[in-house]
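Report on one structure; see the data block that follows.
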Amino acid sequence: MRMRQKPKMFNVVNIATTKFFNIQSMDIEFSNGEKRQYERLKPSGEGAVLVIPMLDDDTVLMIYEYSGGTHRYELALTKGKIDAGESPIEAANRELIEEIGYGARQLSFVKTMTLAPGYQSNFTHVILAQDLYEDSAQGDEPEPLEVVKHKLSDLEQLVYNQDLTEARTIAALYMAKEIIKNQ
């Protein structure tokens, strides 16, 4: 089996910057000598968390949140950016408290995911939240979020809900169902 050798990256240049992203151009040279120019979205910050808040072993709390990319309300799991100096676990609990009005006594790292890694360099840390308790704090949401309950036992029907299109949420729900089954 051949060992993968990462290409050399040079001439990394920010070609556009917004408050959320840097668009970068970079020259790449592969181990076979081939050269290409790539572009990527490089978010500022420490990455993000996606939280699976379990009210009990079958009931997951989800939210309806306005999504600018699709210009509609999407059904999803709690998520948000990791603040400077915060661990993914700390960010997960903060986002839970701000978005759904619960904290968690048990937070478990599940997996780090990417979204479109061919041109995006953001990482999302998936966290399972169990043993929830009521708590609230002011977040950065422009409007109150609608919190809804769904059953993992109905996951096969839930993933076909027309309001649930976000792939990270769908993958995280399947992982949570398997983890909880094996606890």
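Do the sum for the chain: with -39,500 (n - 2.57) for every DSSP H run of n ≥ 4, divided by all residues, what is the mean residue ellipticity at 222 nm, to the nearest 500 deg cm²/dmol?
Rounded to the nearest 500, the figure is -5000 deg cm²/dmol.
Per residue, the chain exposes 61 Å² of accessible surface when a 1.4 Å probe is rolled over the protein heavy atoms with every protein chain present.
Working with all protein chains in place, sort ARG36, ARG168, ARG4 by solvent-accessible area computed with a 1.4 Å probe, largest first.
These residues rank, largest area first, as ARG4, ARG36, ARG168.
How many angstrom separate the Cα center of region 18-64 from the Cα center of region 115-168? Taking the Cα centre of region 115-168 as reference, the centre of region 18-64 is 16 Å away.
As a test of reading the structure, rank SER67, SER25 by solvent-accessible area (1.4 Å probe, protein chains only), most first. It would help to have the intermediate numbers written out before the result.
Values: SER67 35, SER25 15 Å².
So, going from the largest accessible area down, we get SER67, SER25.
Restricting to bridges with both residues inside the chain, how much of the DSSP beta-bridge set is antiparallel, in percent to the nearest 5? Around 85 percent antiparallel, to the nearest 5.
Pairs of Cα atoms nearer than 8 Å and 6+ residues apart set the relative contact order; for the chain it is 21 percent. Taking every protein chain into account, the 1.4 Å probe leaves PHE30 with about 70 Å² of accessible area, to the nearest ten.
Taken about its Cα centre, the chain carries a charge dipole of about 1240 debye when Lys and Arg each add +1 at the Cβ and Asp and Glu each add -1 at the Cβ. What shape does region 47-182 take by its C-alpha gyration tensor, where a ≥ b ≥ c are the square roots of the eigenvalues and a/c under 1.5 counts as rounded, a/b above b/c as prolate, and the rest as oblate? Rounded, because the longest to shortest axis ratio a/c is under 1.5.
The values are calculated or read from the model by the stated rules, or taken from the named source; none is laboratory data. Quantities reported herein were computed from a predicted structural model and do not represent experimental measurements. As a convention, Cβ positions derive from the backbone with ideal geometry for all residues, glycine included, and neighbour counts pool all protein chains shown. Please note that ligands, DNA and RNA were not included when accessible areas were found on the heavy atoms of the full protein model with its side chains. Shrake-Rupley method; radii C 1.70, N 1.55, O 1.52, S 1.80 Å.
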